[in-house]
1. Using a Gaussian network for the chain with springs between C-alpha atoms less than 10 Å apart, which of these wobbles most: R90, R182, R247?
2. Between A166 and V123, what's the calculated FRET efficiency when r is the beta-carbon distance and R0 is 41 Å? Round to 0.05.
3. Determine the gain in length on full extension of the stretch L257-E142; use 0.36 nm per residue of separation and subtract their C-alpha separation, reporting nm with one decimal.
4. Looking at (i) 140; (ii) 112; (iii) 121, which value of volume of the Cα convex hull per residue in Å³ comes from a calculation on the structure shown?
5. I need the shape label for segment 174-253. Rule: rounded when a/c is under 1.5, else prolate if a/b > b/c, else oblate, with a, b, c from the alpha carbon gyration tensor.
6. Taking the simple approach of a point 7 Å from Cα along Cα-to-Cβ for both Q53 and D27, what is their distance in nm?
7. Can you give the relative contact order of segment 101-243 as a percent, counting alpha carbon pairs under 8 Å and 6+ residues apart?
8. Test of understanding: extend the Cα→C-beta vector of A239 to 7 Å, then name every residue of segment 119-138 with backbone N under 18 Å from that spot.
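Please treat every number below as a calculation from the coordinates, not as lab data. Please read these numbers as outputs of a predicted model, since none were measured by experiment. A quick note on method: Cβ atoms are made from the backbone with ideal geometry, for glycine too, and the neighbour counts reach across all protein chains shown.
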Amino acid sequence: MDTNDMPTVLACDVGNTAIHIAAVKGDQVTPMRTVRVGELASLPALLAELWNQIAPPRKLAACSVNPAGLKALEAAAAEAINERVLVVGRDLPLPIDTALPNPAATGTDRICAAAAAFDRLGVACVIADFGTAITIDCVNDEGVFQGGAILPGLEMSAGSLQAGTAQLPRVTPAEADWVFGRDARQAIVGGLIFGARGALRELVEAYATELAHWPVVILTGGDAELVCGDVGSSGLVQAIVPDLVLRGVAAAYYKKLLK
């Protein structure tokens, strides 16, 4: 299909703490807009604004790991633009083949991110999403999603440390520009950041052993830059792509369109 004839997809990623939205047409993606789950009153106006910026043909599609958030998105779409939301895994096919016994039980955000990464790279890759939860997944050289690992996100881990102890403070994840934590806050922040980096490295090494070669590593999610630091000097990560999931949502629509 010629890119000029492709519908533009207003793609939505409905997560646990936020809904991310951008218009996708082929490789072109508009700047991502975000609405926090606790501030959804602004969602209809934002959808109308973004929808009206797109020339027809156009479609509205989403992936979701938050049923209540998806319900709010569908209501906002009906109210603001009179449009039905096409949902990955319900109305749209998964955009990548999987080796999973029950693909429907896996978060479609993970599968969309993996599909977008492999579509661009064409080789085995690891996709790490540092959001509310941390997911670190792998796609093999044949373009089959293998699965991966799920860890608590940085904010969730920080909250758990405070809730589960008598004296540790609640900290906000931040850049750790030290090695030795000199007080409780530094020790916790360092543990969060270095722990996430260590988990990423350990899992990438394990996946590389299974693949018999080193995969390309792509990061996404709100805390990706905190965990990775400078991509050029990380020695592990090749790129951070904030809109990776949204690209995968569009890929799911295009896959259905081409069937």
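1. So, out of R90, R182, R247, the one fluctuating most is R182.
2. Computed FRET efficiency for A166 and V123: 0.25.
3. Details: separation 115, 0.36 × 115 = 41.40 nm, distance 2.24 nm.
That pair, L257 and E142, stretches by 39.2 nm at full extension.
4. (i)
5. On the way: a/c = 2.52, a/b = 1.52, b/c = 1.65.
Oblate shape, in that a/c is at least 1.5 and b/c is the bigger or equal ratio.
6. 2.2 nm
7. Working: 222 pairs, mean separation 30.4, N = 143.
Rounded, it is 21 percent for segment 101-243.
8. 119-130, 137-138
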